[in-house]
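Participant: Here it is: the structure, laid out below.
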Amino acid sequence: MVDKNYCCNSFLIYRYIADEGMRFSENVSPYFFKAPAKEYPIGGLEDTERAIKDYIDGIVKGGGRLGLALSGGIDSAILARYVPKDTPTYTFHCVAPGTLDETAQARRYAEACGLKNYVIDITWDDVLANADVLMRHKGAPIHSIEAQIYAAARQARLDGVTHLLFGENADIVFGGMDGLLSQDWDFDSFVKRYAYLDPTKVLKEGRWVLEPFERYRQGNAIDFYGFIRHYFYYEANNSYDNACSTAGVQYSTPFNCMRLTFTLDYNRIRSGDTKYILRQLFNRLYPDMGQPVKVPMPRAVGEWLRDWEGPVRPEFLPHCADGLKGDQRWMIFILERFLNSLDL
């Protein structure tokens, strides 16, 4: 069903078209991630390690050639211990002042595992050029990380890689999102906490698309982890999958196939011990490294869009980008660019 207004509002709230039956126009076919059929039940550390080994062995034995997106965090560092020694690793580096630089830490992991590491430099010109290609493939505006994932995936394909491995979804499965898991939320508070932008403050026809939240409502409360395991899972994976698919490689992560057989210890997470199972595994694999500080994938949209004056299309409210954070400004910027590209 074509409903441009629904799609614009949904994107601003969820960074995703929450209803897969909707599209921006008749000429646009949205690309959606499909969850893998294989599933590993995870009861603890041993199951986690066994699942990672089996997943990677399955790719290699099937004739696939692996590459690894290696950041400075623990999730991809764990995977680096299990990939074949000829696996190339790729680390993103946004070329902009003040941007987080993970290259040194990633290089330490690569050296510890005997792997070659390549740095993928990303400029604003790269982001703009890649964005248009990715949006044509996705049929929707893109996440701010997709342009750099695409750049790495494209290079990986040139290097003969068929499956690009990521640590994505580890946060969702093992409790890495300490902000979203920080309390037992009431319904309204979780909606405000999770929504990326309030569409009524951005669009002239802004409205709250609440059906995805309502699906997990429990009276005045909400099954916040159930919501995360569904909507955040599909939104996040869709970005990685779209970027890799556009580049012609297979997006791969063993954490997508894992399902916990126990309830996360929220008190433990809220006391600062996030992803406690993976931290235990990391400490065993890298006993002399020390735990890195948790940071999101680096992206320099705040710096790159610092002087952007905001959207000019008639769908947007005047000055709606004023005072927003970099990723929020990106969402408005890329939504306008997407609408312009389709001449909608």
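Just so you know, all these numbers are worked out from the coordinates, no wet-lab data involved. Keep in mind that this is a model prediction, so the values were computed, not measured. So basically every Cβ, Gly included, is an ideal-geometry build from the backbone, and we count neighbours across all protein chains shown.
Participant: Just give me the residues in region 299-336 being part of a helix (DSSP H, G or I) and surrounded by fewer than 18 Cβ atoms within 10 Å (Cβ to Cβ), in sequence order.
Facilitator: Across region 299-336, the qualifying residues are Glu303, Gly326.
Participant: Going through region 59-73 one residue at a time, which ones are surrounded by 24 or more Cβ atoms within 10 Å (Cβ to Cβ) and over 15 Å from Ala152 (Cβ atoms)?
Facilitator: Gly73
Participant: Identify all residues within region 110-128 that are assigned to a helix (DSSP H, G or I) and exposed (fewer than 14 other Cβ atoms within 10 Å of the Cβ); write none if there are none.
Facilitator: Answer for region 110-128, where residues must be assigned to a helix (DSSP H, G or I) and exposed (fewer than 14 other Cβ atoms within 10 Å of the Cβ): Glu111, Asp125, Leu128.
Participant: Failed condition for Ile269, given (1) buried (at least 17 other Cβ atoms within 10 Å of the Cβ); (2) in contact with a Leu (Cβ under 6 Å, 6 or more places away or on another chain); (3) under 24 Å from Tyr55 (Cβ atoms), with all others met?
Facilitator: Against the list (1) buried (at least 17 other Cβ atoms within 10 Å of the Cβ); (2) in contact with a Leu (Cβ under 6 Å, 6 or more places away or on another chain); (3) under 24 Å from Tyr55 (Cβ atoms), Ile269 comes up short only on (3).
Participant: Right, here's the next one. If a residue must be closer than 13 Å to Asn117 by Cα, in a loop (DSSP other than H, G, I, E, B) and out of contact with any helix residue (DSSP H, G or I) (no Cβ under 9 Å at 6 or more places or on another chain), how many such residues does region 69-104 contain?
Facilitator: Residues meeting the conditions: 2.
Participant: Listed residues Gly160, Gly167; which is surrounded by 17 or more Cβ atoms within 10 Å (Cβ to Cβ), out of contact with any strand residue (DSSP E or B) (no Cβ under 6 Å at 6 or more places or on another chain) and closer than 27 Å to His137 by Cβ?
Facilitator: So the residue among Gly160, Gly167 that is surrounded by 17 or more Cβ atoms within 10 Å (Cβ to Cβ), out of contact with any strand residue (DSSP E or B) (no Cβ under 6 Å at 6 or more places or on another chain) and closer than 27 Å to His137 by Cβ is Gly167.
Participant: Follow-up question, since we're still on this one. From the list Pro88, Pro36, Pro84, pick out the single residue that is closer than 17 Å to Val249 by Cβ and in contact with a Lys or Arg (Cβ under 8 Å, 6 or more places away or on another chain).
Facilitator: Criteria check complete, one pass: Pro88.
Participant: Looking only at region 10-28, filter to residues that are within 21 Å of the chain's Cα centre (by Cα) and in a loop (DSSP other than H, G, I, E, B); which one of those is nearest to Ser144 (Cα to Cα)?
Facilitator: Here the residue is Arg15.
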